[in-house]
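Right, one structure below, let's go through it.
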4 protein chains.
Amino acid sequence: MVKVVILGQGYVASIFAIGLERIKKGELGYQGVPLKNELPIKIEEIEIVGSYDVDSSKIGKTLFDVASKYWDGNIPETLKEVKVKKGVHLKSLRNLPIEAKGLDDEMSLKDCIEKLVEEWKEVKPDVIVNVCTTEAFEPFGEKEKLLEALEKDEKERFTATQIYALAAINYAKENNGAAFVNAIPTLIANDPAYVELAKENKLVIFGDDGATGATPLTADLLAHLAQRNRLVKDIVQFNIGGNTDFLALTDTDRNKSKEYTKSSIVKDILGYDAPHYIKPTGYMKPLGDRKFIAMHIEYESFNQAIDELIINGRINDSPALAGLIVDLVRLGKIAISKGEFGTVYPVNAFYMKNPGPENMHNLPRIIAYEKMREWAGLSPMFKA
Amino acid sequence: MVKVVILGQGYVASIFAIGLERIKKGELGYQGVPLKNELPIKIEEIEIVGSYDVDSSKIGKTLFDVASKYWDGNIPETLKEVKVKKGVHLKSLRNLPIEAKGLDDEMSLKDCIEKLVEEWKEVKPDVIVNVCTTEAFEPFGEKEKLLEALEKDEKERFTATQIYALAAINYAKENNGAAFVNAIPTLIANDPAYVELAKENKLVIFGDDGATGATPLTADLLAHLAQRNRLVKDIVQFNIGGNTDFLALTDTDRNKSKEYTKSSIVKDILGYDAPHYIKPTGYMKPLGDRKFIAMHIEYESFNQAIDELIINGRINDSPALAGLIVDLVRLGKIAISKGEFGTVYPVNAFYMKNPGPENMHNLPRIIAYEKMREWAGLSPMFKA
Amino acid sequence: MVKVVILGQGYVASIFAIGLERIKKGELGYQGVPLKNELPIKIEEIEIVGSYDVDSSKIGKTLFDVASKYWDGNIPETLKEVKVKKGVHLKSLRNLPIEAKGLDDEMSLKDCIEKLVEEWKEVKPDVIVNVCTTEAFEPFGEKEKLLEALEKDEKERFTATQIYALAAINYAKENNGAAFVNAIPTLIANDPAYVELAKENKLVIFGDDGATGATPLTADLLAHLAQRNRLVKDIVQFNIGGNTDFLALTDTDRNKSKEYTKSSIVKDILGYDAPHYIKPTGYMKPLGDRKFIAMHIEYESFNQAIDELIINGRINDSPALAGLIVDLVRLGKIAISKGEFGTVYPVNAFYMKNPGPENMHNLPRIIAYEKMREWAGLSPMFKA
Amino acid sequence: MVKVVILGQGYVASIFAIGLERIKKGELGYQGVPLKNELPIKIEEIEIVGSYDVDSSKIGKTLFDVASKYWDGNIPETLKEVKVKKGVHLKSLRNLPIEAKGLDDEMSLKDCIEKLVEEWKEVKPDVIVNVCTTEAFEPFGEKEKLLEALEKDEKERFTATQIYALAAINYAKENNGAAFVNAIPTLIANDPAYVELAKENKLVIFGDDGATGATPLTADLLAHLAQRNRLVKDIVQFNIGGNTDFLALTDTDRNKSKEYTKSSIVKDILGYDAPHYIKPTGYMKPLGDRKFIAMHIEYESFNQAIDELIINGRINDSPALAGLIVDLVRLGKIAISKGEFGTVYPVNAFYMKNPGPENMHNLPRIIAYEKMREWAGLSPMFKA
């Protein structure tokens, strides 16, 4: 059994909940779940025990009600059992056309944390999954700075994710272990302040920023080129979608965090910083959750021949991440039982765009996948 | 020092010769050479000591003269030192607009082999590289059948490559070791008859069919999807080019060999035989050596979401293969010194579309690359 | 009121029937219908009064039953009123995995024609629409040859379409006017034998081969390039789909007809025969009715600069043609009332891939559209 | 004979000069010149008599010297005869890595205009072609406002183009007719203030913003869809290049002008404002003058089927515009002799992204081309 609390009951969380219950009902295979049902902990053992949001139209509703906004099919009845609770806002939805309210409107940050911990102690989650909307954030770096800002109740300094992660740390301590999966760009697994506190308090952190869409594909394409010593002359990657995440990224500050995350791949994989233009480019509502990507890569082959690759895709954003979360919650529980507190690079290297801890490299995903399997005690997928 | 004899002085062999000499002159970096100059045997140590063809307009000409048909730049003067000798034809250029003549027009197959071996004993190649035009062939399977057909001088049964490989076997025996790189689709490393003879006579075989263009890229893309357990619904891959190889593939019989080669990738990598249409599709002269590829992949992600990838490319065919040969001739010499006669899967798995020996699987190239480095005594490219 | 008989109750005919009834019910706008509801004859006035097929699983069924195989939505109840009758086969489904039977199994060609005419005289269609499966055919050219083959009952010489068109001619004579829309590649509007008979017997023929998918788009793209005097160096167009039409085209003979049709566009529009490779390339069942197209065009611009365009598409084949038929049946009735018997180039030039009569050119569709409007008495779509 | 003065001796002007002289030498055909040599005024009659720039590294150099920066081939010797003179700056290169100086550094705007007119009276151009770098501008709208700003020497209010156009007006008056071709986005042909002054002073204005690259192609693609009544659901168009024009567009103010220009196409052609994201997206130096475009169009066909088109291209920016200028200077002289002062919509509608005068629509280019030919006294390109 793995008990899960969700932070941010949006598109990803809803597809995760729907798909999970459909798998339990036998309506769905394991498509989109990297480790299928190979782990000792089975998919059918995952149970959602809590959910948080700050969208006032969701708070108090059941997951069944919320999920029906994101999918046309028959929503599993079992989702009627969990209700969305009020979470932490800290302006995480600012500039978006959503009416938001948060615990932080009513109380100090410390009280928010205490309230969350109390609520979690009742439902006893093993894993807390953060799939909030992309935030404009600043990492802390040093534990002292983080604790000082909390002490001073500096609400402007924190994002919702940063408060949730602190709550997870306190909860882990009291629960004798827990895991926090940070699937959004805010640096948590890459912030030494958080990793240090996690180690001290028996929290496993996976993060940061779930590796979906064009980024892991780019990593593997670049590895393919690097292994043939093709000299990459330029990389262009455009990205446009119609979900809230793209809308949020039209906000300049948030976009900046995202750009930071993605750019390191080029140098990590190629070994040199080939000219590149890789950013989420725009928001177009009718595209919905199925984003359009366009990529252009030009490189020099043997004897200075110039080759070109153009990749286009229509890719469903939320199901891609939801499928990863089915693995991450199970790996979270495994890490707890292994006692690997702090953060776990072999897991992050496959599942995250910005794999913590700080200063760790991006690996080609095809290689990272096999190393992750090894960490999880599974045999390699590819043998000669 | 690695001495090399080339079989088939066409586009690939000419670009190989030009690029090699330009590297020696310092005009060119190591772009397109997967192992760069990391091996103990340096690129600058490679020397072309012989070349064979059956195109009557090439026989007797220097590599300098022939190479100038394939590249616009300044051809290195050093290529004036090697002349193209008459090789084995056996109708390998039939249906192509080329006037061809071969040793086999004048003598028995056994005499052809003997003549080749005598010529090679004079220039003492370490490695013989086969880059002939794609042939319509049938593998032998059993050593006895092969030797019997030779005994009966069955010229209709053999292709040029199959005779060259026999010559290489005889030469290896007399030379106390040699290597044969089969970069075209004819099955040699996958034909147990040849592998057995190679083992017995101290020949290293690398083969079959140099892994350039869309095939290794497809392998890595499919591995990327397999690792996320995305259910591939269909794969389409079109391919059109304007070089002699594409012209040869418009010949139905030859096309069949090629198709056989490429189709196994899907099942090898995905683990199931997703519907696919992967074949060289046409010939269009103005495209020249820079082929156009178009690929469409549709797959099912989590919760039955349908994603699509479209890949287009303009890829120079001959330089891609020429760059691999720069490695293969050096690895051939290394294999000889290691005494690894027969065929060497860890090398084939990265460099070949149809990696021998028979019944061995295709691996994702990103993984095969690291295993090949390990075989060659090099440290991994990608470390965390 | 326009009464319509359908020949070939497959994908196109079913989508046509469904869409038409949905428009009548107000469920659907005029999307995909080029002339919307601008003609004096309204879409709501179209009535399907008969349908023919040779698939034994369809004969005797209602359109409601047949249509449900081709569309997931709610099939309009009104389609229960028409039943599929047995048509002419003449091996038009040979090599396809369909059990077929036809009137021609039981009687002479002349008797088939007579039977069809008798049946049509009962339901009194204005327009007969041919959307049979692509056939392997040979045009007649001369009226005498056509009549002689009919006289001798040469069943091997005729295709189903060629018999249906003769039936339409006889029916038109007795009905004092009718129209025959030939939406498949078999040459009817381009066969002088048929056009002459049509004129003599008051039949309007529109044909041949409904202009959907990549062909009209290519016409307009090439016109765009021609008007800038860009020198097209090569055109590649691949096409793969999963409907019966693509399956039929894997049959070499049929493919040949199709190829003939499409190739003339390049010379007609550019004024010179740029190297091109334009053919339906393959069949891939999971693609269904939504074909994948890939196009590559390379051209020389001012001062010898080389530009490239790559066009990819996923295009629903049957709805594209069904939308055109909504216009063609209305234009057929208009042509009858204008007395324009034989064939009508201004209509064909927009709606057909191979616009009859024989030897008439392909026009850029953007221009042909405006000329067709003028013929139909409508004002231009584009004014300054 | 057509005498031409160039404003802005950058990429476009240099390719124009090179191509023109190569045509005169017989090195080049008429590729990329829409009207080829069909006009009564022949290409060989065009003569460049003057050139202006504000880049201090160009002023005083010959066209031969400047052009060699933009093309690798043999620069025609005849370009040694013209020297680049100092032009008007008004911060048109601000934020770009170019050291600039202009006449306006030293004198009043009125004096700048007078100096230009004096210089032009010496070389007697028929046509003045403006191909300056994209500017951040504000149109005047009313003649009085324009004249008042000039009177007050408001250097902050004017762009270089706006001053050049005033000089052209004064020169036209004294020369009894002249033409001004505005190939950049600054509104001149769309600014009633300029059009009125042009009419009063015998100036022909062609403008605004030469229609190259993706915009005219989009116009024709949308017309293609509109004529089939396909409901466009979304249009995405990305654009990235490595020339100065793309660098300039990274400047927010300038980008705004460009965006304004391009967006009107959608509504003009489709008749409704389909959701669209069409903007120059980024700057990537290694792409050079050959920009990469990616376009995605999704639309609804008959019976609500959803189709998708994806267009990618590598398109040489400057030659495309240079080829148009070869026509525009000849058409300019024709307009003068016809006495069509002010601006000429039939010419603008084909050659310009934002065809003046104000409030005139974009036409599909395939139609606009034929109308332009008619204006120029040429027969249609496409006849049945």
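Which of the lysines could a cross-linker bridge to B:K121, judged by Cα under 18 Å and excluding same-chain residues fewer than eight apart?
B:K3, B:K83, B:K85, B:K86, B:K110, B:K173, B:K202, B:K333
So, by mean Cβ neighbours within 10 angstrom, what's the order for D:187-197, A:114-124 with the highest one leading?
Result, highest mean Cβ count within 10 Å first: D:187-197, A:114-124.
Which net charge results for the neighbourhood of A:S379, defined as the other residues with beta-carbon distances under 14 angstrom from its beta-carbon, given Lys and Arg at +1 and Asp and Glu at -1?
+1
Taking amide H atoms as placed 1.01 Å from N in the peptide plane, list the residues 5 or more away in sequence, or in a different chain, whose amide H sits under 5 Å from that of C:I235.
Amide H to amide H, under 5 Å and 5 or more residues apart or across chains, C:I235 pairs with C:H276, C:Y277.
Grab the other residues whose beta carbon is less than 11 angstrom from that of C:Y299, score K and R as +1, D and E as -1, and report the net.
-2
If you take each beta carbon of peptide D:32-39 and count the beta carbons of other chains within 10 angstrom, what is the mean?
3
Compute the angle between helix C:109-123 and the longest alpha-carbon principal axis of chain C, please, reported from 0 to 90 degrees and rounded to the nearest 10.
Between the helix axis and the principal axis of chain C, the angle is about 80 degrees.
Using θ = phi - 60° and the Karplus relation 6.51 cos²θ - 1.76 cosθ + 1.60, list the HN-Hα couplings for the range A:286-297 in order, rounded to whole Hz, with x at every Gly or Pro.
Per-residue couplings from phi come out as x, 6, x, 7, 9, 6, 9, 10, 9, 10, 10, 10 Hz.
What are the residues whose amide H is under 5 Å from the amide H of D:F206, where those residues sit 5 or more places off or on another chain and H is modelled from the backbone?
Hits under the 5 Å cutoff: D:F180, D:V181, D:N182.
Take the range B:137-261, compute every pairwise Cα distance, and split them into 5 Å bins from 0; I just need the percent in each bin.
2, 9, 16, 18, 16, 13, 11, 8, 5, 2, 0
Rounded to the nearest 0.05, what FRET efficiency is calculated for D:K25 and B:K83 with R0 set to 30 Å and r the Cβ-Cβ distance?
Given R0 = 30 Å and the Cβ-Cβ separation, E is 0.15.
Each residue of the range D:374-382 in turn: what ³J(HN,Hα) in whole Hz from Karplus with 6.51, -1.76, 1.60 and θ = phi - 60°, glycine and Pro shown as x?
Per-residue couplings from phi come out as 4, 4, 7, x, 9, 6, x, 6, 10 Hz.
Once both axes come from the Cα atoms, what is the angle between helix D:252-270 and the longest principal axis of chain D, in degrees from 0 to 90, rounded to 10?
50
Quick one: label points 7 angstrom along Cα→Cβ at C:K25, distances to the other copies in nm, smallest first?
Label-point distances to the other copies, shortest first: 2.6, 7.1, 7.6 nm.
Per-residue mean of other chain beta-carbon atoms within 10 angstrom of the beta-carbon, peptide D:267-277?
For this peptide, the per-residue mean of nearby foreign Cβ atoms is 2.
Under 16 Å Cα to Cα from B:K383, which aspartates and glutamates show up? Leave out anything in the same chain fewer than 8 places away.
Partners found: A:D220, A:D268, A:E358, A:E370, A:E374, B:E370, B:E374.
With respect to the cross-link table entries A:K371/B:K267; A:K233/B:K36; A:K145/A:K338, which display a Cα-Cα separation exceeding 28 Å?
A:K145/A:K338
Residue by residue through A:230-238, how many Cβ atoms from other chains fall within 10 Å of the Cβ on average?
5
So if I place +1 on the C-beta of Lys and Arg and -1 on the C-beta of Asp and Glu, and nothing else carries charge, what would the dipole magnitude of the range B:214-316 be about its Cα centre? I want it in debye, nearest 20.
With Lys and Arg at +1 and Asp and Glu at -1, about 260 debye.
If Lys and Arg each add +1 and Asp and Glu each add -1, what is the summed charge of the other residues whose beta carbon sits under 11 Å from the beta carbon of B:Y351?
Neighbour charge sum, excluding B:Y351 itself: 0.
Report, in whole Å, the centroid distance computed from the Cα atoms of the range B:310-384 and the range D:264-324.
Centre-to-centre (Cα) distance: 41 Å.
Helix-only mean residue ellipticity at 222 nm, the protein assembly as shown, DSSP H runs n ≥ 4 weighted -39,500 (n - 2.57), per residue, nearest 500. What is it?
It lands at -12000 deg cm²/dmol.
Scale the Cα Rg of the protein assembly as shown by the rule-of-thumb value 2.2 N^0.38 Å and send over the ratio, two decimals.
0.99
Against the 2.2 N^0.38 Å scaling, with N counting residues, where does the range A:214-316 land? I'd like the Cα-based Rg ratio to two decimal places.
1.14
What dipole magnitude, in Debye to the nearest 20, does chain C give about its Cα centre under +1 on Lys/Arg Cβ and -1 on Asp/Glu Cβ?
Dipole magnitude for chain C comes out near 800 debye.
Could you tell me the distance between the Cα centroids of the range C:150-220 and the range D:132-185, to the nearest Å?
62
Give the aspartates and glutamates whose C-alpha is closer than 12 Å to that of C:K58, dropping any in the same chain fewer than 8 places away, or say none.
C:E99
Roughly what would the spin-label model give for D:H361 and B:V123, points 7 Å off Cα along C-beta, in nm?
A separation of 7.1 nm, rounded to one decimal place.
Values in this text are rule-based calculations from the coordinates and carry no lab data. A quick note: this is a predicted structure, and the numbers were derived from the prediction, not measured. Cβ: placed from backbone, ideal geometry, glycine included. Neighbour counts: every protein chain shown.
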